[in-house]
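Peer 1: Sharing a structure here in structure tokens format.
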Amino acid sequence: LVKVIDWETHGFSICSEAKNGFEALELAERENPDVVLVDICMPLMDGLDFTEKLKERFPKTSVVLITGHSEFEYARKAVRLGVEDYILKPFKKEELLDILIKIKYKIQKEREEINLKKGSFTVPENVGRRKITRSSRLVEKVKEYINNHYGRCELSVEEIAASMYINSSYLRRIFKKECGIPVSDYITGIRIQKAKELLGYGNIKLSEISKSVGYSDAGYFSKCFKRYTGMSPSDYENIRN
């Protein structure tokens, strides 16, 4: 891959290569890369284990898994680990470049947004600090809980509130104030986003995808997906693949 693609022409530079997962982790500590291409069949440590360890240390690093496996379990675990994309061998260099260029634009957009926020939004020191910190911390915990449990059909605002030892009405009010959307809409958004990622891998049954993102009824999932995205899951899958 290093020699096949003219990386600099497309705005990339190779910071290092690794022979195995342990060496890759050491190099990641030193280089702090934006994107990592990971072969799922690396020696000493497989790609999924490596990705899990990498994400623990560098959650912002984007990972693209290169694999010969198309099984659903691999795809589901890859999504859970926060893998940016997943490409099956054999593939054309153009396919990989398409994925990497999308990731590059996403990273650039995120950095631009951060810079805009830094330049346009400041809070006077000590003014409302305690209130903002408490609300923000609570909302971050709620988001983390949802990200860890969105696959459970029984997930509810009441359950989340109970896990935080707060009233569900209070949770709804704080979340809406901080995020601008209801908790239930956020849950739906996470579920649909995860479903879109799984649909992008192809060859996974709709019933399996719907169950993995918290919908016991595939028909209801399809309605929610279309209402949220404007297209059916099958149409989205065809466009994505």
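The values are calculated or read from the model by the stated rules, or taken from the named source; none is laboratory data. As the structure is a computational prediction, the values presented were derived from the model and not from experiment. Quick reminder, even Gly has a Cβ in these numbers, built from the backbone with ideal geometry, and neighbours come from all protein chains shown.
Peer 1: Please name all residue pairs, on different chains or six or more residues apart, with Cβ atoms under 7 Å, provided the first residue is in the range 207-220 and is within 15 Å of Arg76 (Cα to Cα) and the second residue is in a loop (DSSP other than H, G, I, E, B) and aliphatic (A, V, I, L, M).
Peer 2: Gly214/Leu155
Table: residues versus (1) touching a strand residue (DSSP E or B) at 6+ places or on another chain (Cβ under 8 Å); (2) modelled with pLDDT under 80; (3) surrounded by 15 or more Cβ atoms within 10 Å (Cβ to Cβ).
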site	(1), (2), (3)
Leu27	no, no, yes
Val35	yes, no, yes
Met42	no, no, yes
Val79	no, yes, yes
Ile103	yes, no, yes
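Peer 1: Moving on. Can you tell me which residue within the range 50-76, out of those that are among the charged types (D, E, K, R) and either closer than 14 Å to Ala28 by Cβ or in a helix (DSSP H, G or I) (or both), is modelled with the lowest pLDDT?
Peer 2: Taking the range 50-76 and keeping what is among the charged types (D, E, K, R), we get 52-53, 55-57, 60, 71, 73, 76.
Those still in the list that are either closer than 14 Å to Ala28 by Cβ or in a helix (DSSP H, G or I) (or both) too: 52-53, 55-57, 60, 73, 76.
Values: Glu52: 90, Lys53: 90, Lys55: 89, Glu56: 87, Arg57: 87, Lys60: 86, Glu73: 68, Arg76: 71.
Here the answer is Glu73.
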